Amino acid sequence: MKATEIVKTKNSQWLMFGRDVDKPEKIIDTNQYMLVCGERALLMDPGGIELFAPMLASVLRYASVEHITDIFASHQDPDIISSLGLWDQALPEAVLHSPWLWEGFIRHFGMKNIRYAPIADEGGKIDLAGYTVEMIPAHYLHSSGNFHIYDPQAKVLMSGDIGAALEDVDAPLFVDDFEAHIPKMKGFHQRWMPSNEAKLDWINRVRKLDIEYMAPQHGRIFTGDNIKKFLDWFEQLPVGTAIGRTAQARQEKK
Ligand code: FE
């Protein structure tokens, strides 16, 4: 499991964990994130049960168990949070911030000690001893209850499955050539994102934010001008394409 610092400010440090060459085959490669500020740390989309052991070893190099007080799960998927039952033993005092909609489902991953802090549909804030991050709604992108984390000080948007790309396990960390990156994202966004209306609503919200790093849960991180390029590209991309495909298949059968 590789650990990389994305950005460091006076008060905080953003880290990414991923590109795990030891991960079992056929498991999608995921990016896990951690924000460390002083004696508090927020672990974001900590990943699947399969990579709990390397994740725990990696995060403890940057924050101690007592300091990892908060966990965020953008939505309910297994590659996001199926490790919950194990974090529950490692971080018994932690709070899990996750969509209210998914509480009854996420608890199936096991949590006896961690407290579930349900996020209301309109989002909210996480206060890490004076360092505040925002939970930005991203419903239906792709999950029906879905949030991203925006850090206005470090100017990072942790964008969950938006901006995700299917990459090799040794792919570079940052998008360099946007045009060359499109084929790695296109099919993923068209199939996994169901709603054009939800997409436009999210783009309008995100365009108002000052973002220097857009960090998805799979693939590479976008910086600077590539963030604008991504939003423009995503805006014109038709999503929810499986509907068209099944209708077409039905037609062809006739
Ligand atoms: Fe997902």
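The values are calculated or read from the model by the stated rules, or taken from the named source; none is laboratory data. Keep in mind it's a predicted model, so treat the numbers as computed, not measured. In this analysis, Cβ positions are derived from the backbone assuming ideal geometry, glycine residues included, and neighbour counts consider all displayed protein chains. The area values use the complete protein model at the heavy-atom level, side chains included, leaving out ligands, DNA and RNA. Shrake-Rupley method; radii C 1.70, N 1.55, O 1.52, S 1.80 Å.
Could you tell me which of the residues Glu122, Glu134, Glu179 is among the acidic types (Asp, Glu) and either within 15 Å of the chain's Cα centre (by Cα) or within 16 Å of the ligand (Cβ to nearest atom) (or both)?
Step by step, each of Glu122, Glu134, Glu179 is checked, and only Glu134 is among the acidic types (Asp, Glu) and either within 15 Å of the chain's Cα centre (by Cα) or within 16 Å of the ligand (Cβ to nearest atom) (or both).
Sort out which residues of the stretch 137-161 are away from the ligand (no atom under 16 Å from the Cβ) and open to solvent by 20 Å² or more (accessible area, probe 1.4 Å), and write them in order of number.
The answer is Pro152, Gln153, Lys155.
Are there any pairs with C-beta distances below 8 angstrom linking a residue in the stretch 63-82 that is in contact (Cβ under 8 Å) with a residue 24 or more places away in the chain and under 18 Å from Ile136 (Cβ atoms) to a residue that is more than 10 Å from the ligand (Cβ to nearest atom) and among the acidic types (Asp, Glu), with the two at least 6 apart or on different chains, and if so which?
No pair meets every condition.
Just wondering, is there one or more residues in the stretch 195-206 that are surrounded by 17 or more Cβ atoms within 10 Å (Cβ to Cβ), closer than 25 Å to Pro24 by Cα and within 16 Å of the ligand (Cβ to nearest atom)?
Among the residues of the stretch 195-206, not one is surrounded by 17 or more Cβ atoms within 10 Å (Cβ to Cβ), closer than 25 Å to Pro24 by Cα and within 16 Å of the ligand (Cβ to nearest atom), which makes the answer no.
For Gly47, are the conditions met, namely being without any contact (Cβ under 8 Å) to a residue 40 or more places away in the chain, on the phi > 0 side of the Ramachandran plot and within 15 Å of the ligand (Cβ to nearest atom)?
yes
Within the stretch 48-64, count every residue that is over 24 Å from Pro78 (Cβ atoms) and either aliphatic (A, V, I, L, M) or open to solvent by less than 60 Å² (accessible area, probe 1.4 Å) (or both).
Total satisfying the criteria: 2.
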